[in-house]
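Read the figures in this text as sums done on the coordinates, not as results from a lab. Model, not experiment: these values are computed from the prediction. All Cβ positions, glycine included, derive from the backbone under ideal geometry; neighbour counts span all protein chains shown.
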Amino acid sequence: MGPIKRGALIVFEGCDRSGKSTQSRRLAELLKSRGIPTESLNFPDRSTDIGQVINSYLTNSKDLQDEVIHLLFSVNRWELMGKLRQKLLAGTTLIVDRYSYSGVAYSVAKGMDFDWCYAPERGLIKPDAVFYLRAVPDRLAERSEFGEERYEKVEFQSRVSAVYDRIFSNESTYWHQLDASVTADELHFLIAEIAEKLLPKVTTQPLDKLS
Ligand code: NYM
Ligand code: MG
């Protein structure tokens, strides 16, 4: 018997209401239906102590300095890395709704320095693939529940989108940019096609780190 193949780390990124939750759920369902051990999670993980502080910030019941909330989002990823590594090495594929790139995109959109924002992400497990659901922010505002949390303003989302575009141009080797304005079925089809090709390739490679 050969060694256990590791799971893949697959991340969804994009502005608020770009369809990440729907698409990550549908991809996870598809992989499970194919017998691939798969788990879903999202960042921020609001269930931890730090996650609860983040939640208070996002729901506007707490104000924090920009640097402080930025680092808390990063710590919230670091506090889960041991668990994520264990699951990946045990063969579980992880579908993650937001990751380090959200950390960078939302903070840089406030005017913070790109390199400063990226620095605390170095060393985290590097995703095997990132699906970037690229949407026009004006259209996002039409989607339900938009505007309830901090950051959910069209003008701010435009700036977030511009930072994502910048990250995509640097990370295009493992980023897959997809037009989020097509139907959910079309989007799922495109994502499924890419994921199915990717999985057998990456699961024999060692885990890498963000550098
Ligand atoms: N967000 C999320 C950040 O500003 N930095 C981060 O590192 C992460 C992971 O949290 N508007 C922001 C983006 C979202 C908000 O995420 C909550 P969601 O996926 O809407 O629950
Ligand atoms: Mg949101």
Item to complete: Give the longest segment of the chain that steers clear of GluC sites (Glu not before Pro) in DSSP loops with at most 10 neighbouring Cβ atoms within 10 Å, not counting the sites themselves.
Response: 1-141
Practice prompt. Count the net charge of all other residues whose Cβ sits under 11 Å from the Cβ of V202, scoring Lys and Arg as +1 and Asp and Glu as -1.
Written response: +3
Worksheet, complete the sentence: Residue span D179 to L210: 0.36 nm per residue of separation minus Cα-Cα distance leaves a gain in nm of 8.6 nm
Discussion item. Using helices alone, I'd like the mean residue ellipticity at 222 nm for the chain: each DSSP H run of four-plus residues gives -39500 (n - 2.57), total over residue count, nearest 500.
Written reply: -15000 deg cm²/dmol
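State the extension gain, in nm to one decimal, for the chain segment bounded by L41 and R139, taking 0.36 nm per residue of separation less the distance between their alpha-carbons.
The L41-R139 span can extend by a further 32.7 nm.
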Fill in: Order of T48, T38 under a 10 Å beta carbon neighbour criterion, fewest first
T48, T38
Worksheet item: Using modelled amide H (1.01 Å from N, peptide plane; none on Pro or chain starts), what sits under 5 Å from the amide H of Y132, excluding residues fewer than 5 places away?
Response: E13, H176, Q177, L178
Practice prompt. Could you run the Karplus curve 6.51 cos²θ - 1.76 cosθ + 1.60 with θ = phi - 60° over the range 74-88 and give me ³J(HN,Hα) per residue in whole Hz, x for Gly and Pro?
Written response: 5, 4, 4, 6, 4, 5, 9, 4, x, 5, 5, 4, 4, 5, 4
Item to complete: Treat each spin label as a single point 7 Å out from the Cα along the C-beta direction, and report the L89 to F189 distance in nm.
Response: 4.1
Worksheet item: FRET efficiency for N170 and N60, Cβ-Cβ distance as r, R0 = 25 Å, nearest 0.05?
Response: 0.20
Discussion item. Using 0.36 nm times the number of residues separating M81 and S33, minus their current alpha carbon distance, what extension gain do you get?
Written reply: 14.6 nm
Response to the item:
Here the relative contact order (percent) of the range 112-184, from C-alpha pairs under 8 Å and at least 6 apart, is 45
Worksheet item: What number, in percent, do you get for the relative contact order of the chain if the mean sequence gap of Cα pairs under 8 Å and at least 6 apart is divided by its residue count?
Response: 33
Response to the item:
Placing each pseudo-label 7 Å from Cα in the direction of the beta carbon, K201 and M112 end up separated by a distance in nanometres of 3.3
